[in-house]
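The structure appears right after this line, and notes come after that.
Values in this text are rule-based calculations from the coordinates and carry no lab data. All values reported here derive from a predicted model rather than from experimental measurement. Heads up, the Cβs are rebuilt from the backbone with ideal geometry, glycines too, and the neighbour counts pull from every protein chain shown.
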Amino acid sequence: MAVTVSIPTILRTHTGGAKSVEASGSTLAELIDNLEHEHNGLKARLITNGSLHRFVNVYVNDEDVRFTGGLDAPVSDGDTVTILPAVAGG
Amino acid sequence: MARYESLLAAVGDTPLVLLPRLSPSEHVRLWAKLEDRNPTGSIKDRAALAMLAAAERDGLLSPGCTILEPTSGNTGISLAMACRAAGYRLVCVMPENTSEERRLLLRAYGAEIVFSPAAGGSNQAVAVAKQLAAEHPDWVMLYQYGNPANVEAHYRGTGPEILRDLPTVTHFVAGLGTTGTLVGAGRYLREHKPDVQVIAAEPRYGELVYGLRNLDEGFVPELYDPDVLTGRFSVGSADALRQTRELLEVEGIFAGISTGAVLHAALAVAEKAAGTGEPADVAFIVADAGWKYLSTGAYEGDLDEAAARLEGHLWA
């Protein structure tokens, strides 16, 4: 088993158009490093100056990683990771 | 006393009701704060009136002036009600993928609507409104995403009301849009009870809404203060719909779809508390009732089909 990562439209240029890809790792940082092997350039879109891009939100099983450890947030096989651009509500 | 000097004076002081059937146990209780009981039927009356009052205090408004606001609906409806009473003209910039009822209500209250493209959702409404504001320097944009009066309304109203009615509150759960409710009420609650958990439920829409051209078009409201929150959940339309229907079927509360997303997160934290054996009082916000969403088919038929119909809609 692996971690399923959902990719937003705006980043699918790095995944050959795929909406969702698989990756592995025990933290979000490891997962992103692993994604970078297969999908070159993705890491630089997600991380700036060592932390998540201001307008990128990442959720592990629907919970925002900024409240569960950020790049150190734990991930496990079977988890779903969702990447979304930050948009307005209201 | 339930007598008021005007409709505007009747905003706030909404009921907090126990959900006896959806609460996990007698020690872990869910409480719904019914913000649909405000004059135009949503929590946005609080922020709208506070922003208008602040602008009047600052001398920004004069009779007959034009107010401009980017809104997915409820804030516009609240402003339209107050503007009609005060004699201001209101122009709302609203994404075209919002429910028909919102447009009808805005027009009924006399507001003018400028539509922004569906792709990009409210981000585009904000961008179009900022452009209009630049073209019309005499118009006043209240700008709910960055106006401190929005947060203040919840710091002075929603938060104190919850603590007054539920001194044993352990969790506060609300929807994340402008972030005004969570930051304002959450800040008040944590100042008075530092252990209170403040949980955001954020709507997760269909792909169209996230259709930005590049990441730098992303948007985080100026009011957002992540230090007030202790957790943030993204809730998709199927989960939101399921809980909206559950709330109606089990407790008889006819709420809007964003409330289903909030209840989804509230139930998750309540069940977690029940698992640890700790008592908990979870207060959550019912931002509006279901009337404005009937035309979307949210309340009838197969759930997955109803969720599919919402794809591409701004339902919160």
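Some values worked out for this structure:
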quantity: Electrostatic dipole magnitude of chain B [Cβ: Lys, Arg +1; Asp, Glu -1; Cα centre; debye, to 20]; calculated: 480
quantity: Neighbour net charge for B:L7 - beta-carbon separation under 12 angstrom, K R +1, D E -1; calculated: -1
quantity: Inter-label distance, nm, simple model (7 Å from Cα along the C-beta direction), B:K193/A:E30; calculated: 3.8
quantity: Projected-area average for chain A over all orientations - Cα convex hull basis, square nanometres; calculated: 5.6
quantity: Cα-based reach from A:K43 at 30 Å (exclusive), listing lysines while leaving out same-chain residues under 8 positions away; calculated: A:K19
quantity: Global form of the protein assembly as shown, assessed from the alpha-carbon gyration tensor, a/c cut-off 1.5; calculated: oblate
quantity: Dipole of the protein assembly as shown, positive end: most advanced residue of B:A261, B:F115, B:P20 [Cβ charges, Cα centre]; calculated: B:F115
quantity: Volume in Å³ per residue [convex hull over Cα atoms, computed for chain B]; calculated: 133
quantity: Local electrostatic count at B:L22 - Lys and Arg +1, Asp and Glu -1, tallied over other residues with Cβ under 14 Å; calculated: -2
quantity: Mean ellipticity per residue at 222 nm, deg cm²/dmol - from DSSP H runs of n ≥ 4 across chain B, formula -39500 (n - 2.57); calculated: -12000 deg cm²/dmol
quantity: Beta bridges by DSSP in the protein assembly as shown, antiparallel share as percent, to the nearest 5; calculated: 35
quantity: Gyration tensor (alpha-carbon) shape descriptor, segment B:220-271, a/c threshold 1.5; calculated: prolate
quantity: Reachable lysines, given that their alpha-carbon falls under 19 Å from the alpha-carbon of B:K44 and they are not under 8 places away in the same chain; calculated: B:K33, B:K292
quantity: Sparse-neighbour loop sites [GluC sites (Glu not before Pro); segment B:218-289; at most 16 other C-beta within 10 Å; DSSP]; calculated: B:E222
quantity: DSSP H segments from chain B that extend 27 Å or more along their own axis, Cα-based, with Kyte-Doolittle mean of -0.5 or above; calculated: B:257-276
quantity: Virtual paramagnetic centre 7 Å along Cα→Cβ of B:R89, amide N under 20 Å, in segment B:105-127; calculated: B:106-116
quantity: Prolate/oblate/rounded call for segment B:36-163, Cα gyration tensor, a/c under 1.5 rounded; calculated: rounded
quantity: Test item: A:5-15 mean partner chain Cβ contacts at 10 Å; calculated: 2
